Structure formats: C-alpha cells, structure tokens
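Structure, as structure tokens:
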Amino acid sequence: MWEFFTEPEFQQKLDWMTAFVRDECEPLDLLFPRPGDPYDVHNKASRAILAPLREKVKEQGLWACHLGPELGGQGYGQLKLALMNEILGRSGWAPTVFGTAAPDTGNAEILALYGTQEQKARYLQPLLEGNIVSTFSMTEPQGGSDPKEFVCKATLDGDEWVIEGEKWFSSHARYASFLIVMAVTDPDARPHERMSMFIVSAETPGIEIIRNVATMNERDDLDEGTEGYIRYNQVRVPLDAMLGAPGEGFKVAQSRLGGGRVHHAMRVVGKCQRAFDMMCERALSRRTQGKLLSEHQFVQGFIADSALQLQQFRLLVLQTAWIIDNQPHGAARTHIAMCKVALAQVLHDILQRAVQLHGSLGTTQETPLGPWWAYAPQLALADGPTEVHKAAIAKGMLLGYQPAPGLFPTEHIPTRRAQARARYAAILGEHGL
Ligand SMILES: Cc1cc2nc3c(=O)[nH]c(=O)nc-3n(C[C@H](O)[C@H](O)[C@H](O)COP(=O)(O)OP(=O)(O)OC[C@H]3O[C@@H](n4cnc5c(N)ncnc54)[C@H](O)[C@@H]3O)c2cc1C
C-alpha cells in the first residue's frame with residue numbers, strides 16, 4: 001500500500017515544531033550565528049536562552065526523537081523523524097534545541113551499543129541530556145576517505161592503551177567532553193581488522209589541539225574554526241576504553257555513519273525548502289525590464305528546476321526512511337548512499353539558483369544563503385566523498401544484474417526478433433510473413 005498523508009495527531013506535532021523553530025530557534029541563529037556556536041557549552045548567554053527552550057521541547061515529547069524509548073526518546077522511527085528533521089534543518093540551532101545534533105547523535109548510538117555501564121553513566125547520560133558535547137575523531141591529515149591509510153595507533157602497555165598520532169577534522173573538539181577515536185591496534189591484520197575504537201576523556205593528558213581549522217564559512221582570524229586538528233601525544237586510556245572488540249573499529253564506525261548520513265539528508269531537505277521559499281518570495285517581489293522576476297522565463301526555469309529536484313530528493317529521503325523502518329537491517333544501504341550523494345548536489349544546485357536570483361544581495365552575509373551555499377562542498381565530503389558513495393551505489397545496483405549470456409546484449413533487437421519469429425513461426429507462415 002502506498003500512502004502520502006500524515007496522521008492528524010502527528011501533523012499537530014509538526015505544526016507545533018514549525019512555529020517553534022521559526023519563532024524560538026531562528027532567533028538563536030541570528031544572535032549566535034557561527035557554525036560552532038550551538039556546540040559552545042561555555043557560552044553562558046546562549047545556554048541561558050537554550051535551557052528553557054529545551055524544556056518546552058521535552059514537555060511536547062519531542063526531545064531526542066532519533067532515540068528509541070530505552071534511551072529516553074520517543075521511538076518515532078525514521079519516517080516520522082524525516083518529517084521532523086525537515087523542519088529542524090531550516091535552522092542551525094534547532095537540532096541542538098531538540099537534542100538531535102550531529103555528531104553527538106551518532107556518538108550516543110556507539111556508546112549505547114558498546115559502552116560499559118560506567119561509561120554510559122559518565123558520558124552517555126549527560127550527552128543525552130544535552131549537557132555536554134562530543135567528537136568523532138577518525139579522519140587523519142594524510143587520508144580521509146580511505147581508512148586503510150590511517151596510521152594513528154594504540155599500543156598496549158600493561159593495563160593501558162597508549163594512543164599516538166594525528167587526527168584531522170575532528171568536529172567541535174574544542175568543546176567536547178570526550179572523543180571517540182579510531183586507532184590502529186594490529187597493523188598486520190587484514191585491512192578492515194587493523195583498527196579499534198576508543199573513548200577518550202577530553203581531560204586525558206596528551207591531547208593537543210594543534211589548531212581549530214576554519215572551513216570556508218568560518219573566519220580563521222576570529223578563531224571560529226570548528227574542525228579540530230589534533231595530536232594524541234602518548235594518550236593513556238584504560239583497557240575498557242576500547243569500544244567493541246579489538247579490530248572492530250570499522251564495525252563500530254559503521255554503526256553511527258548510516259543513521260548520520262540519512263539524518264543529514266533529512267535536514268538538507270529543510271534547508272533547501274527554506275532557500276526555495278526565499279527564491280519564490282524574491283521572484284514575486286523584484287522587478288526588471290518592466291515586469292516581475294517571476295514573469296521572466298529564465299526565472300521560472302530556476303523555480304521549476306528547483307521544485308523538481310527538491311521533491312525528488314524529499315521522496316528519496318522518505319522512501320529511504322521507510323526502508324529503514326520496515327525492512328531488515330542493511331536493506332537501505334544503497335538508498336542511504338543515494339541520499340548522501342543527492343543531498344550535496346541538490347543543496348548546491350538550489351542554493352546556486354537562490355543566490356543568483358537574489359542578485360548582489362545573494363552574495364552578501366545579509367541573508368542565510370551565502371553560508372548555506374558555502375556549506376554545499378562540505379556536505380559532498382563529510383561522512384565520505386560523493387565519489388565513494390557513487391561507487392557504492394553502482395556496486396549495490398550491479399548486484400542485481402548478470403552478464404549477457406552471449407555475444408550480444410539481451411536487448412539486441414535482431415536476436416530478439418529472431419526469437420519472436422521462431423515462437424510465432426506457424427502463424428507468421430500462415431500469413432505469408
Ligand atoms: C564539514 C566536515 C566535517 C567533518 N567532520 C568530521 C568528523 O567529525 N570526524 C572525522 O573523523 N572526520 C570528519 N570529516 C572528514 C571527512 O570524513 C573527510 O573529509 C572525508 O572522509 C574525505 O576525506 P579527505 O577530506 O581526506 O579527502 P580525500 O580522502 O583526500 O579525498 C579527496 C577526493 O579524492 C577523491 N576520491 C577519494 N576516494 C575516491 C574513490 N574511492 N574513488 C574516486 N575518487 C575518490 C574524491 O574526489 C574526494 O573528494 C569532516 C569533513 C567535513 C568537510
């Protein structure tokens with residue numbers, strides 16, 4: 001059965017969220033606009049505004065909706081989460097207000113699956129309550145998309161692991177209370193069994209943030225960088241800091257990445273919708289050559305192309321969420337990769353048109369469009385580059401196919417026509433054909 005409607009009770013929740021994000025979260029975007037601001041747990045002013053907003057979200061039963069009931073969430077499932085995340089994606093702060101900000105969501109999943117009781121009490125609980133933030137520390141300066149290139153290592157010394165090496169783009173490390181770090185523990189093992197995952201308290205001696213790297217929508221000179229370039233100098237952690245078994249680093253990483261990618265996609269739908277709304281308003285407000293922008297065919301093309309791309313992408317995301325909810329674990333793998341590729345492309349294309357339609361104003365910092373436009377290339381890399389996901393999509397698709405049995409393709413018309421002639425030879429013969 002195919003249905004395209006929202007239950008009325010749930011629609012009420014979505015309506016409440018829409019108004020709340022617009023009226024309560026978007027002011028935070030304006031007052032604390034840097035990408036790192038939602039993670040800055042030391043900023044007393046932003047936290048003072050944030051705390052009562054979170055209470056209101058909790059009163060509505062909308063806190064941390066990505067989590068199942070066992071972890072204090074509502075267990076809405078991915079399809080409803082997709083509809084909710086579309087609303088949250090309109091605002092930079094909204095995921096923090098609703099307890100669904102990355103990378104904390106994925107790190108919480110890792111801790112829930114692999115943490116000890118003590119680690120859960122010390123790190124998971126305050127993370128779920130939104131009192132601390134965390135970092136995922138996997139990428140290295142010499143290699144990101146291929147983890148087989150990683151060299152940061154952890155060696156056993158008595159009853160401690162000693163971590164040594166560098167990590168790159170460990171987002172929000174400057175504010176994190178703990179880091180989840182992937183390190184080589186057995187360099188001689190098979191490539192996917194060389195690494196293990198560790199939880200490391202940010203207070204552990206030897207963690208050196210070499211610098212906080214600024215992305216293209218942050219200012220280096222204002223020290224706004226969110227991407228931690230970290231050196232782990234003989235960082236000692238206890239044996240139980242290992243999450244999962246030795247050599248299971250890849251497996252542990254995968255447990256967070258699939259969900260993270262699809263949640264990004266859900267939020268990008270919301271960002272694109274907001275840019276599209278701005279585009280339409282502008283087209284109806286501005287005149288050139290004696291008529292409204294909306295009356296020029298090029299502009300109509302911008303709007304039509306954007307509406308088509310956005311709706312195709314939204315439906316892909318919703319279908320992916322449905323597969324996650326309704327089919328066995330892993331069934332959505334190719335769809336998640338499709339969402340990951342599409343999210344960067346669709347955001348890029350719609351933002352490019354939205355900026356263009358706003359003319360000079362679109363290129364300024366006086367609308368949200370500029371920072372979002374600069375975000376598009378980052379989305380094509382974070383959680384793995386587009387090219388790697390395209391290769392995965394192709395491999396997933398090719399699994400359903402076989403090589404042609406003979407010299408020519410199965411769709412070869414002369415071969416098929418000969419087969420059809422043979423099948424109907426008697427009738428064709430009766431009619432002299
Ligand atoms: C905003 C942002 C946040 C991030 N946050 C984190 C984080 O919190 N923690 C973390 O550990 N990492 C994080 N990353 C890092 C991210 O995971 C890496 O950028 C990504 O894996 C790519 O690695 P790389 O940057 O080293 O690029 P490279 O591996 O050098 O790849 C560069 C390019 O090479 C090409 N390429 C690579 N592999 C293939 C292939 N198989 N086939 C064809 N072409 C290929 C692609 O064009 C690719 O874009 C973040 C990145 C960004 C941009």
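Derivation of every value follows stated rules applied to the coordinates shown; laboratory data play no part. It should be emphasised that the depicted structure is a prediction, and the values quoted were computed from it without experimental measurement. In this analysis, Cβ positions are derived from the backbone assuming ideal geometry, glycine residues included, and neighbour counts consider all displayed protein chains.
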Projected label distance in nm at F5 and Q378, using a 7 Å step from Cα toward the beta-carbon: 4.1 nm
Taking the number of other C-beta atoms within 10 Å as the exposure measure, put H172, H431 in order starting with the fewest. H431, H172
Of all DSSP beta bridges having both residues in the chain, the percent classed as antiparallel (nearest 5) is 85 percent
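For E366 and R417, what is the calculated FRET efficiency with R₀ set at 45 Å and r taken between the beta-carbons, to the nearest 0.05? Before the final figure, lay out the partial values.
On the way: r = 64 Å, r/R0 = 1.43.
Rounded to the nearest 0.05, the efficiency is 0.10.
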With the cut-off at 1.5 for a/c, could you classify region 102-168 from its C-alpha gyration tensor as rounded, prolate or oblate? oblate
Subtracting the Cα-Cα distance from 0.36 nm times the residue separation, let me have the gained length for N326 to A394 in nm, one decimal. 22.1 nm
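Largest first and in whole Å, give the semi-axes of region 115-211's equivalent ellipsoid, each being the square root of 5 times a Cα gyration tensor eigenvalue. If you can, show how the numbers build up before the last one.
Numbers: eigenvalues 106, 54, 32 Å².
Here the semi-axes work out to 23, 16, 13 Å.
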Debye calc, one equal point scatterer per Cα of the chain, no solvent, log10 I(q)/I(0) at q = 0.07, 0.09 1/Å comes to -0.41, -0.64
To the nearest 0.05, the calculated FRET efficiency linking W16 and I49 through their beta-carbon distance, R0 being 22 Å, is 0.70
Top of G362, G158, G225 by mean-square fluctuation, Gaussian network on the chain, Cα under 10 Å: G158
Taking only Cα atoms of region 178-293, radius of gyration then Dmax in Å: 22.5, 73
Gap separating the Cα centres of region 120-145 and region 5-31, nearest whole Å: 27 Å
So for region 35-187, taking the charge dipole from beta-carbon charges (+1 Lys/Arg, -1 Asp/Glu), which of Y123, I49, S145 sits furthest toward the positive end? I49
At a Förster radius of 56 Å, what calculated FRET efficiency corresponds to the Cβ-Cβ distance of Q345 and Q117, to the nearest 0.05? 0.80
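If you rank R423, R353, R22, R267 by fewest surrounding Cβ atoms within 10 Å, what's the result? Each step should come with its number before you reach the end.
Details: R423 10, R353 21, R22 14, R267 25.
Sorted ascending by nearby Cβ count, the order is R423, R22, R353, R267.
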By how many nm would the segment from E281 to A189 grow when fully extended, if each residue of separation counts as 0.36 nm and the alpha-carbon distance is taken off? 27.3 nm
Sort F10, F98 so the one with the fewest other Cβ atoms within 10 Å of its own Cβ comes first. F10, F98
Quick one: in region 1-143, what % of C-alpha pairs are over 19 Å apart? 54 percent
